[in-house]
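Notes for the one structure printed next.
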Amino acid sequence: MSDEPLLRVSNLTKYYGSRLGCADVNFELYPGEVLAIVGESGSGKTTLLNTLSANLEPTSGEALYRMRDESWRNIYELSEAERRFLTRTDWGFVHQNPADGLRMTVSAGANVGERLMAVGDRHYGKIRDTALDWLGRVEVAADRIDDQPRSFSGGMRQRLQIARNLVTGPRLVFMDEPTGGLDVSVQARLLDLLRQLVGELGLSAIVVTHDLAVARLLSHRMMVMKGGHVIEAGLTDRVLDDPREPYTQLLVSSILQV
Amino acid sequence: MTALSVRNLAKTFTMHLRGGISLPVVENVTFDINAGECVVLGGPSGAGKSSILKMVYGNYGVDGGEVLIAHDGRQVDLASADPRTVLTLRRDAIGYVSQFLRTVPRVSALDVVAEPLVVRGTDKEEAQRRAGEMLSRLNLPERLWSLPPATFSGGEQQRVNIARGFITHHPVLLLDEPTASLDAANRAVVVGMIAQKKREGVAMLGIFHDEDVRAEVADRIVDVTGFAPKVAA
């Protein structure tokens with residue numbers, strides 16, 4: 001792991017009018033690190049993710065990101081064009097519902113190729129080869145490259161969304177309940193794939209999930225949110241094996257044993 | 001040379017879901033382990049042996065005290081280290097052989113064992129070759145190697161776990177009942193593997209309920225009942 005963080009978040013706060021989304025969030029994320037944000041519905045974890053990924057403007061606070069040229073920039077002070085470039089190349093965002101992250105009426109190959117074209121790739125043959133390679137890596141059969149994701153199963157769509165995000169070699173990927181809404185067997189396959197890809201590519205990732213097993217499998221560190229505040233944070237297995245806060249103890253003790 | 005130095009560790013659980021009652025587990029836990037030495041924690045169930053092991057590995061937080069581990073020519077306190085430092089120590093300095101295998105869906109037994117080497121930069125084929133050696137030594141039939149261990153028997157899973165824990169060269173190794181569900185032949189294999197780690201200068205801290213195994217591997221026994229909290233809850 002590198003000694004310099006990729007992201008430095010300080011006092012990040014988001015209000016919707018007078019209603020609190022999330023408040024006073026502070027953390028650093030290092031290259032290769034996976035951070036899980038857990039908490040129940042309404043705890044502010046999705047608000048935090050959307051703010052961190054610059055989809056929402058914070059009410060106060062800042063998020064400094066180390067750009068590829070090593071300069072530190074507050075992501076909320078980037079120009080619209082700079083921000084778009086960042087979100088299309090150096091960042092990925094995996095939505096819970098693949099339809100939110102894919103273009104459902106263009107082919108699978110084009111879904112992957114589109115991100116490459118955004119970074120200036122123009123050679124059709126090369127784009128198609130890269131798309132094919134990525135479909136293989138996420139275990140989508142090569143003969144489905146010209147099909148639209150509308151004809152894909154939920155698990156395939158989610159894997160395609162992951163390929164679309166990773167094809168540009170991002171350094172930071174945001175994931176919102178990446179396995180939510182999938183069958184358990186499909187979830188297991190996706191989790192294993194994510195775990196492998198994150199490890200191989202040395203990605204940093206911020207994963208929002210309400211599933212503590214997902215957090216255990218994917219993340220190094222976790223933050224527990226309740227009522228918009230981070231109430232407990234630390235090494236993932238420390239938080240799960242020795243939860244301190246009443247709410248974290250409740251979460252951990254609520255897991256059903258199979 | 002002291003490889004692991006535990007100083008005045010204390011642990012109390014606060015059960016917020018049970019009216020906030022406090023359960024003091026241990027206090028003043030203090031011992032040293034030298035390179036090439038195997039120290040076994042002794043005492044009845046519930047005395048806090050597993051809790052001590054988990055504090056030393058950082059799975060449990062501590063209420064006080066230090067866990068000093070030699071790393072890069074310095075002594076680093078794992079108990080107060082930030083998560084990144086704990087992960088670095090776990091990568092380079094301290095390993096853990098747990099009692100139960102946490103299976104990962106779809107990953108074969110061979111890759112489960114090879115993984116710790118792969119993440120430390122060993123070439124995948126070389127890592128798999130060494131994983132195969134470990135599994136052979138532990139008498140896990142080769143036809144099982146390509147299967148995910150989720151459906152294995154308790155003893156088979158434990159051997160996969162032992163192979164995974166012993167394949168790396170951590171200077172400090174924690175052993176949480178690694179022989180609990182093994183037959184006599186495989187217990188003997190594990191005893192041999194522990195002896196080999198000693199010769200390689202590895203400092204080990206373990207829990208062994210099997211008296212024969214304990215007698216064979218232990219250089220010293222630290223009686224955990226001596227760390228019982230003096231003040232009742």
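Got a sec to turn the phi values of segment A:53-67 into Karplus ³J(HN,Hα) couplings, 6.51 cos²θ - 1.76 cosθ + 1.60 with θ = phi - 60°, whole Hz, x for Gly and Pro?
Per residue, the Karplus-derived 3J(HN,Hα) values read 8, 6, 7, 10, 7, x, 6, 7, x, 9, 10, 8, 10, 7, 5 Hz.
What lysines does B:K124 reach when the alpha-carbon gap must be under 29 Å and sequence neighbours fewer than 8 apart in one chain are set aside?
A:K126, B:K197, B:K198
Taking only protein heavy atoms into account and a 1.4 Å probe, give the accessible area per residue of segment B:67-144 in Å².
On the way: 3940 Å² over 78 residues.
Accessible area per residue: 50 Å².
Counting just the Cα atoms, what span does segment A:184-258 cover along each of its three principal axes? Round to the nearest Å and put the largest first.
35, 29, 21
Apply the Kirkwood formula to segment A:1-135: the hydrodynamic radius equals the inverse of the mean of 1/r over all pairs of different alpha-carbon atoms; give it in Å with one decimal.
When all Cα pairs of segment A:1-135 are included, the Kirkwood radius is 16.9 Å.
Under 13 Å from a label point 7 Å along Cα→Cβ of B:D82: give me every residue in segment A:1-34 with its amide N that close.
Inside the label zone: A:2-10, A:26-31.
Taking the alpha-carbon set of segment A:125-214, what are its Rg and Dmax in Å?
That works out to 13.1, 42 Å for Rg and Dmax.
Would you mind giving the mean number of other chain beta-carbons within 10 Å of the Cβ of each residue in A:73-79, as a whole number?
0
Using the basic label-point model (7 angstrom from Cα toward the beta carbon), what is the A:H123 to B:D123 distance in nanometres?
2.9 nm
Mind listing the long-range amide H neighbours of A:E232? Cut-off is under 5 Å, sequence gap 5 or more, other chains count too, H placed in the peptide plane at 1.01 Å from N.
A:V224
Calculate log10 I(q)/I(0) of chain B for q = 0.10 Å⁻¹, where I(q) comes from the Debye formula with a single equal point scatterer on each Cα and nothing for solvent.
The Debye formula, applied to the Cα set alone, gives -0.48.
Averaged over its residues, how many other protein chain Cβ atoms are within 10 Å of peptide A:166-172's Cβ atoms?
0
Over what distance in Å are the Cα centres of segment A:1-71 and segment B:124-138 separated?
Cα centres, segment A:1-71 to segment B:124-138: 42 Å.
Using a 7 Å offset from Cα along Cα-Cβ at B:E133, what residues in segment B:73-111 end up with backbone N under 18 Å from the label point?
From segment B:73-111, the list is B:110-111.
Looking at segment A:50-194, I'd like the Rg to Rh ratio, where Rg is from alpha-carbon atoms and Rh is Kirkwood's inverse mean 1/r.
Taking Rg over the Kirkwood Rh, I get 0.99.
Any chance you could tell me what percent of the C-alpha pair distances in chain A go past 32 Å?
Tail of P(r) above 32 Å: 22 percent of Cα pairs.
Take A:R88 and B:E142, extend 7 Å from each Cα along the Cα→Cβ direction, and tell me the distance between the two endpoints in nm.
Distance between label points: 5.4 nm.
Report, ordered by chain and residue number, the lysines lying within cross-link reach of A:K45, taken as a straight Cα distance under 23 Å and ignoring same-chain residues fewer than 8 apart.
Of all the lysines, those that pass the test against A:K45 - Cα under 23 Å, at least 8 places apart if same chain - are A:K14, A:K226.
Just the C-alpha atoms of the protein assembly as shown: what Rg/Rh do they give, with Rh taken as the Kirkwood radius?
That ratio equals 0.99.
Where a Cα-Cα gap under 18 Å defines reach, which lysines qualify for B:K54, not counting those fewer than 8 residues away within the same chain?
Leaving aside lysines fewer than 8 places away in the same chain, those within reach of B:K54 are B:K11.
Which of the peptides B:41-48, A:72-79, B:87-94, A:87-94 is most tightly packed, and how do the rest follow, going by the mean number of other Cβ atoms within 10 Å of each residue?
A:87-94, B:87-94, B:41-48, A:72-79
Between A:D241, A:D143, A:D69, find the one with the highest GNM mean-square fluctuation for chain A; connect C-alpha pairs within less than 10 Å.
Residue with maximal mean-square fluctuation among A:D241, A:D143, A:D69: A:D69.
Just grab the label-to-label distance for B:K230 and A:D69, each label 7 Å out from Cα along the Cβ direction, in nm (one decimal).
6.4 nm
Tell me, what is the percent relative contact order of chain B, built from C-alpha pairs under 8 Å that lie six or more residues apart?
In percent, rounded to a whole number, it is 29.
Per residue of A:235-243, what is the mean number of Cβ atoms on other protein chains within 10 angstrom of that residue's Cβ?
Details: counts 11, 3, 9, 8, 3, 1, 6, 10, 2.
The per-residue average across the peptide is 6.
What Kirkwood hydrodynamic radius, in Å, does segment B:78-177 give when the mean of 1/r is taken over all pairs of distinct Cα atoms and then inverted?
13.9 Å
Sorted by mean Cβ packing within 10 Å, highest first, what order do the peptides A:33-42, B:156-165 take?
Going by the mean number of other Cβ atoms within 10 Å, highest first, we get B:156-165, A:33-42.
The values are calculated or read from the model by the stated rules, or taken from the named source; none is laboratory data. Worth saying up front: this structure is predicted, and the values here are computed from it rather than measured. Every residue, glycine as well, gets a Cβ built from its backbone with ideal geometry; the counts of neighbours run over all protein chains shown. Only protein heavy atoms, including side chains, enter the accessible area calculation; ligands, DNA and RNA are left aside. Shrake-Rupley method; radii C 1.70, N 1.55, O 1.52, S 1.80 Å.
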